[in-house]
Amino acid sequence: MAKIKMKVSVIVADTFHDFLMAKKSMGLSEKTIITYGQHFSAIAKHLQIDKPIDELSKADIESMIASMRDAGLSANSIRSYTRTLKSFFSWCNEAGITRLNLPLYKAEETVKETYTDAELKILLKKPDVRKCTFAEYRNWVTVNLLLNNGCRAATIRNIKIRDLDLDNRVIYLRHTKNKKAQVIPLCEALCGVLREYLRVRGGGMDDYLFPNESGLQLTENGLRCSIAKYNRKRGVQKTSIHLFRHTFAKKYLVDCGGNAFTLQRLLGHSTLDMTKHYCAIFDADITKNFESFSPLVQLKGKEQKNKMGF
């Protein structure tokens with residue numbers, strides 16, 4: 001009697017669910033897990049996800065991308081979805097489920113929007129502490145901190161009073177995207193702002209530095225809406241918290257003459273890739289100071305001095 005051969009095929013959708021559970025058990029943030037799920041829902045409109053994973057082919061992926069383009073999706077959206085699929089396939093490859101892989105879709109190179117100096121001047125004007133609400137004063141201090149180090153909104157929400165070391169002019173960022181704690185320097189001007197804020201804010205060492213008006217941790221949406229309201233009230237129509245991060249990166253590189261390696265550490269990037277991206281998109285602005293940094297100018301200057309006997 002011939003032996004019965006069993007073939008168990010798991011469909012793409014179920015395999016992706018296993019991928020999410022595996023990533024969750026590895027400590028990936030809930031926000032990233034949710035983003036993966038949202039991306040997969042978008043992918044499902046262009047890829048047959050009830051197909052057995054071991055029957056999925058390169059041609060299927062190419063058809064998916066073609067379908068996305070025909071549907072009018074932007075290059076950046078397609079890149080985001082293929083990045084999620086790339087992570088999924090890498091996990092599948094490690095688990096021996098499939099050997100399928102794909103390159104990242106080429107995104108459009110865009111210059112990231114930033115706040116202008118005029119807008120920053122308006123946002124940094126100190127409110128009258130005797131007349132303004134706590135929320136307005138807190139938002140003003142938050143904007144000061146964002147322009148000191150360009151940290152993410154999720155990081156801002158999770159800073160506690162004990163994370164401040166104003167004597168040594170540093171702040172400890174314990175809740176970061178890559179889960180690695182950071183020690184970030186604070187300029188003296190910001191230390192002064194924070195000292196005054198702490199006297200007004202009060203609270204214990206384990207309390208959140210920037211709470212809501214009830215003293216509780218701000219929600220992600222609460223922080224976003226609060227900063228948006230603060231900006232609009234001052235006549236600034238840009239309201240994105242993340243724009244402060246782009247603004248910090250640009251001003252650090254261009255106006256302050258900072259270097260990419262230090263910027264990488266300040267922004268908490270695991271690699272130089274994103275930092276190099278900032279360098280690339282602000283390249284046109286960097287050229288304005290190139291006369292001071294060009295090796296050719298330096299060498300020509302030395303040659304001229306030697307000819308003159310200096």
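Readers should treat all values here as calculations from the given coordinates under stated rules, not as data from a laboratory. No experiment lies behind these values; they were computed from the predicted model shown. Cβ coordinates were reconstructed from backbone atoms using ideal geometry, including for glycine residues, and neighbour counts include every protein chain displayed.
From the alpha carbon centroid of segment 39-66 to that of segment 110-163 is 43 Å.
Evaluated at q = 0.17, 0.19, 0.20 Å⁻¹, the base-10 log of the normalised Debye intensity for segment 117-288, with identical point scatterers placed on the Cα atoms, takes the values -1.12, -1.39, -1.52.
Volume per residue for segment 162-242 equals 131 cubic angstrom (convex hull of Cα atoms). Applying a threshold of 22 Å to the alpha-carbon distances of Lys31/Lys86; Lys58/Lys106; Lys23/Lys160; Lys24/Lys45; Lys126/Lys229 flags Lys23/Lys160; Lys24/Lys45 as lying beyond it. A Cβ-based charge dipole, computed about the Cα centre of segment 117-288 with Lys and Arg at +1 and Asp and Glu at -1, lands at about 340 debye.
Share of Cα-Cα pairs in segment 12-94 beyond 19 Å, in percent? Roughly 34 percent, once rounded to a whole number.
Take the Cβ atoms of Ala95 and Ser67, set R0 to 30 Å, and the FRET efficiency comes out at 0.65. With a simple spin-label model that places each label point 7 Å from the Cα along the Cα-to-Cβ direction, the separation between Gln217 and Arg234 comes to 2.7 nm. Pairs of Cα atoms in segment 27-72 fall into 10 Å distance bins, from 0 up to the last occupied one, in shares of 25, 42, 29, 4 percent.
Taking the number of Cβ atoms within 10 Å of each Cβ as an exposure proxy, the fewest-first ranking of Ser41, Ser87 is Ser41, Ser87.
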